[in-house]
Amino acid sequence: VTMVLGVSSLLPSALDGNPYFSAGFGLGVLGTGFAFLRGAGKAAATMAQRHLLVTLEVTSKDRAYPWVLHWLTEQARTGGATAGAVAQHVTVDTVAQRLASGKTLTRFEFTPCPGRHVMRYNGQLLMIDRVREQQTVDFNTGQPWESVRLTALGRTRSIFEEFLQEAHDFATSKQEQTTTIYSNWGTEWRPFGPPRRRRPLHSVVLDEGISAHLRRDVSEFLDSSKWYADRGIPYRRGYLLHGPPGSGKSSFVAALAGDIGHDICVLNLSEAGLTDDRLAHALTLAPPQSLVLLEDIDAAFIERDPRDRRSAFVTFSGLLNALDGVAAGEERLVFMTTNHLDRLDPA
């Protein structure tokens, strides 16, 4: 027992005089302190972000995404000091437009490049983080997946509502005299090229009275939504335009869309890979305030080789169900064109 007590009494004195132990103990205390401070800092940052900041994420799949980018571009161009880093770090989108004279007009549109930017909006600092995923792409367009995240001080989202409304108003003002053409990409509608300048309705020459009659009928339909709802009648209208190639069928639809302030969703029934389900889905998801143009609907009545994967497989019954079936969408204007009226079924 005496020997054990002796060893125990010698151990503290030996450790106290050991510089390696003292240094290790000190480093351990410092490491523990730094780890605690780092954890406390992360917890404080998380708490501040949760209770003192508001965040809005707009993805490239959302209709507001191009509005936000174009509005930020305009702020970078005219904002001066308030635009901050948005005006300094940009990416370019080169747009080439061929004129009727044969010349090509090229312009450069600048948008904030991927990364973090800071600007002042309505007297408040706004952090903008544009993210571009290189590993994730949209299979319909091949474009990288993108998103824009907006962060501001506060606990209400009113600043984001004002921001989005202003971006929408700016985009609308740019398109007041234009018509956007949409094409179907897989399961969604996407703008096909830049918006077109509206064509005057009187510039399309048809037989006497046809243009005025169709314009009057479309106006009456657009003003009759309550009448349809009160009687439980599906609120949709369809028109069939027929004639030889070059007679003005598609031109009239484009001019009419501009005259009533609608965009155009173009879908060709002879498009490779088009099926009954995809047709019905596309017509149901047409963008608001747009009319649908189905070109060459006689293509639905042609015999096809089922072994040819490049062919479209829209059947006559599938076309009828998409136009006026139980699952057909409402609040919709559909224009159909054909060069061969005799090939259509009487139904």
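Structural remarks
- The L240 and R190 beta-carbon pair, evaluated with R₀ = 22 Å, returns a calculated FRET efficiency of approximately 0.25.
- Proximity of backbone amide H atoms, modeled 1.01 Å from N, is registered between Y121 and L126 at under 5 Å, excluding neighbours fewer than 5 places apart on the same chain.
- Region 143-214: mean projected area of Cα convex hull, nm²: 8.7
- When peptides 229-238, 253-262, 180-189, 52-61 are ranked by their average number of other Cβ atoms within 10 Å per residue, the highest-first order is 253-262, 180-189, 52-61, 229-238.
- Shape of region 178-231 from the C-alpha gyration tensor: oblate (a/c of 1.5 or more and a/b not above b/c, with a ≥ b ≥ c the square roots of its eigenvalues).
- R0 of 30 Å, Cβ-Cβ distance R63-S251: FRET efficiency to nearest 0.05: 0.60
- FRET efficiency estimate (nearest 0.05) - Cβ-Cβ, R149 to F108, R0 35 angstrom: 0.85
- Remark on C265: its backbone amide H falls under 5 Å from those of Y182, L291, V292, L293, a criterion applied only to residues 5 or more positions apart or on other chains, H modelled at 1.01 Å from N.
- A simple spin-label model places pseudo-atoms 7 Å from Cα toward Cβ; at A212 and R116 they are separated by 6.5 nm.
- Cα point-scatterer Debye curve for region 176-326, base-10 log of I(q)/I(0) at q = 0.12, 0.16 Å⁻¹: -0.57, -1.01
No lab work stands behind these numbers, since they all come straight from the coordinates. The model shown is predicted, which means the values in this text are computed figures rather than measured ones. Using ideal geometry, Cβ is built from the backbone for each residue, glycine included, and neighbour counts are taken over all protein chains shown.
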